[in-house]
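Comments concern the structure below.
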Amino acid sequence: MKFRFAAKEDCGLILSFIHQLADYEKMSDQVVATEELLREWIFEKKKAEVLFVCDEEYEVGFALFFHNFSTFLGRAGICLEDLFVLSEYRNKGYGKALLKKLAQITVERECGRLEWACLDWNQPSIDFYLSLGAVPMEDWTTYRLSGETLKKMACIE
């Protein structure tokens, strides 16, 4: 098991993982990402990072993450946006290894925490996260503005 950070030439592979994750989450119709957008936002604007887990030389999973900031902690944290392992490699330790590596990166960068969200119906992932000692947040609900609603909000004076 090896890890490597993605490079610009991996945009097609990243997009492939995104599509497979979207299929798993029953959200394929929501993917509008392209290789060009990934190249721009991940590698040119440096707004996110991608870590692959490999079985020898073959990428079998990925984690896409970015830094957030906690005013209470006074330091950055890492927000895991996506974690996905190919179905034939699940239950073999690759997901746990990716999270462990992200935890190491979080500590090495002196960040205060590692956070992520999980769909309420995704019981296999919830059970997996709980088995690692992760705790679901209580008293907090994630809200989102996007698409036309975001554009309308941006026009408010």
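Among the residues of this structure, TYR58 does not count as one that is closer than 20 Å to TYR129 by Cα and hydroxyl-bearing (Ser, Thr, Tyr). Here ALA33 passes the criteria (1) surrounded by 15 or more Cβ atoms within 10 Å (Cβ to Cβ); (2) out of contact with any Asp or Glu (no Cβ under 8 Å at 6 or more places or on another chain); (3) within 20 Å of SER131 (Cβ to Cβ) except the one numbered (3). Step by step: first the residues of segment 8-30, then only those that are free of Cβ contacts under 8 Å to residues at least 12 places away in the same chain and either surrounded by fewer than 15 Cβ atoms within 10 Å (Cβ to Cβ) or of a type in the set (S, T, N, Q) (or both), then the one that is nearest to SER146 (Cα to Cα). Which residue is that? Filtering first and then ranking leaves GLN30. Among the residues here, GLU88 does not qualify as over 16 Å from ALA6 (Cβ atoms), of a type in the set (D, E, K, R) and modelled with pLDDT under 95. Only one entry in TYR58, TYR89, TYR24 is hydroxyl-bearing (Ser, Thr, Tyr), within 20 Å of TRP116 (Cα to Cα) and more than 14 Å from the chain's Cα centre (by Cα), namely TYR24. Scanning segment 5-37 for residues that are among the β-branched types (Val, Ile, Thr) and under 19 Å from LEU86 (Cβ atoms) gives ILE14, ILE18, VAL31. Taken over segment 8-53, the criterion of being touching a Lys or Arg at 6+ places or on another chain (Cβ under 8 Å) and farther than 24 Å from ASN122 by Cα is satisfied by LYS8, CYS11, ARG39, TRP41, PHE43.
The values are calculated or read from the model by the stated rules, or taken from the named source; none is laboratory data. Keep in mind that what you see is a predicted model, and the values were worked out from it rather than measured. No Cβ is skipped: glycine too gets one built from the backbone with ideal geometry, and neighbour counts run over all protein chains shown.
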